[in-house]
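Contents: one structure, followed by commentary.
Taken together, the values in this text are just the output of simple stated rules run on the coordinates, not laboratory data. Here the structure is a predicted model, which means the values were calculated and not measured. With ideal geometry, Cβ positions are generated from the backbone for all residues, glycine too; neighbour counts draw on all protein chains shown.
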């Protein structure tokens, strides 16, 4: 059931089409700048932006900023994610705990993370910790709920089968509960990763922690001649978002290749 | 109601029964206003090596009964004994095959790994485990499918894998809940013959729940006929058809037709 030659073609042609669309958008941008439709004082031309982007890519500043952003994002995601899996599992497995705690979780989930940003700044200042806390907090609640649902969604036939096969304790959790919950956790994680990146940038923009967000702010404050840099940095954050989302989608496809939703997408037998 | 006490009849048949069901009753939501009696009173014995089918009209609580027999469900009253011991949980020497193979086989594991699950639980070493996997896959006439995932196989093959996994536990008794209800007619015949062969080769006791009267007559030594819900034992019918049975020969015999007719009458009048 591997990909046929046909399948390869089918996978390549949309990629070519997408590249074409990107090229068209960039060309359109340049045309609008050249024709004067775009106000040059607030919207630099595509070529100026790209030249600045190339210059930035060769400078250490951009890479340091990117590293700071990635570090804050990854640490926050790892901490919030592991806590969510742990807490979500415990709540999912214990009905009493679930019923007792779920209203609190549902409430805290709805608190906009931005609302606690000032608090985090007061406590930690413009630091990595502040960023990590914000990301971890923002990721934890929705993912916890996702994990709870996943753990509780074990198919009754699967549950009976586990009993009949005398799967118990850790073996049952790792062998049955976790794989059953995996589709839920994967979806939650994919969303959390994207949300986490947004929160990281916000923590840098508003909270002043080092990273891409702060670089954008600095370039804006440096005046109109630094405008191409601002746009270049915004493009970099956009690309980072795309990379994160597609990386997690890819990971999901790999890990869940056996799941109904993925069966026709991925080559099997990994 | 004048009917012979089935328990007496059964215990006369053989020595110690493998499975013994006594005045089993099961009510859902017992003690509440929504109390729903699924099984009123069921008693029967299954002797070692016997093939017993349980039939009844749809909604007769057949699956509930099977869950009680396997230890998955605790009866409201009455007792189930497996090899002389009252059932508290699913016993080690008992395996269950469910109707829905697409859900009972773990889709995240290959065929080999699915079959290996009970062996790992039992702590069987790697080499022995691999030998045993080959053995049971061979017993269900499955060739080289170990590295495939269950969902890549046909329905009939998937149910064979489920049977192989059940056999890997080396059970004394196999409980089957409508195991062939989700496959096409031809595959169904093949699987029926397969389970008869497996049972003959491995000398295991089988209790199979089905709504299909022809299937019950074809497979069983005895058939427990249930009434509609709340279920009771309506009659226990002996099936004295000779073995080995063949789909064409057995099903076209006169004795088969008589038994089938008798069972049809029982099942249709009780619902």
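Got a number for residues in the range B:248-271 being part of a helix (DSSP H, G or I) and surrounded by 14 or more Cβ atoms within 10 Å (Cβ to Cβ)?
Total meeting the criteria: 10.
Tally time: how many residues in the range A:160-213 are assigned to a loop (DSSP other than H, G, I, E, B) and farther than 30 Å from residue B:165 by Cα?
4
List the helices (runs of 4 or more DSSP H) that sit entirely inside the range A:42-110 and contain at least 3 residues that are under 16 Å from the mean Cα position of the chain (by Cα).
Ranges flagged: A:60-93.
Here's the yes/no breakdown for (1) away from chain A (no Cβ under 14 Å); (2) within 25 Å of residue B:70 (Cβ to Cβ); (3) touching a helix residue (DSSP H, G or I) at 6+ places or on another chain (Cβ under 9 Å):
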{"site": "B:147", "(1), (2), (3)": "no, no, yes"}
{"site": "B:156", "(1), (2), (3)": "yes, yes, yes"}
{"site": "B:160", "(1), (2), (3)": "yes, yes, yes"}
{"site": "B:163", "(1), (2), (3)": "no, yes, yes"}
{"site": "B:174", "(1), (2), (3)": "no, yes, yes"}
{"site": "B:178", "(1), (2), (3)": "no, yes, yes"}
{"site": "B:185", "(1), (2), (3)": "yes, no, no"}
{"site": "B:191", "(1), (2), (3)": "yes, yes, yes"}
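Among the candidates B:206, B:237, single out the residue that is closer than 28 Å to residue B:113 by Cβ and in contact with a helix residue (DSSP H, G or I) (Cβ under 7 Å, 6 or more places away or on another chain).
B:206
Any idea which of (1) within 14 Å of another protein chain (Cβ to nearest Cβ); (2) assigned to a loop (DSSP other than H, G, I, E, B) is the one residue B:34 doesn't satisfy?
Single failed check for residue B:34: (1).
Out of A:191, A:147, A:151, I need the residue that is surrounded by fewer than 17 Cβ atoms within 10 Å (Cβ to Cβ) and either more than 14 Å from every other protein chain (Cβ to nearest Cβ) or more than 23 Å from residue A:263 (Cβ to Cβ) (or both). Which one?
So the residue among A:191, A:147, A:151 that is surrounded by fewer than 17 Cβ atoms within 10 Å (Cβ to Cβ) and either more than 14 Å from every other protein chain (Cβ to nearest Cβ) or more than 23 Å from residue A:263 (Cβ to Cβ) (or both) is A:191.
Each row is one residue, and each column tells you yes or no for (1) surrounded by fewer than 18 Cβ atoms within 10 Å (Cβ to Cβ); (2) more than 8 Å from chain A (Cβ to nearest Cβ).
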residue: B:92; (1), (2): yes, no
residue: B:98; (1), (2): no, no
residue: B:103; (1), (2): yes, no
residue: B:108; (1), (2): no, no
residue: B:116; (1), (2): no, yes
residue: B:119; (1), (2): no, yes
residue: B:126; (1), (2): yes, yes
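Out of B:206, B:161, B:140, I need the residue that is under 28 Å from residue B:233 (Cα atoms), in contact (Cβ under 8 Å) with a residue 40 or more places away in the chain, under 18 Å from the mean Cα position of the chain (by Cα) and crowded, with 20+ Cβ neighbours inside 10 Å. Which one?
B:206
Would you check if residue B:230 is touching a residue at least 60 places away in the same chain (Cβ under 8 Å), over 18 Å from the mean Cα position of the chain (by Cα) and more than 14 Å from chain A (Cβ to nearest Cβ)?
yes
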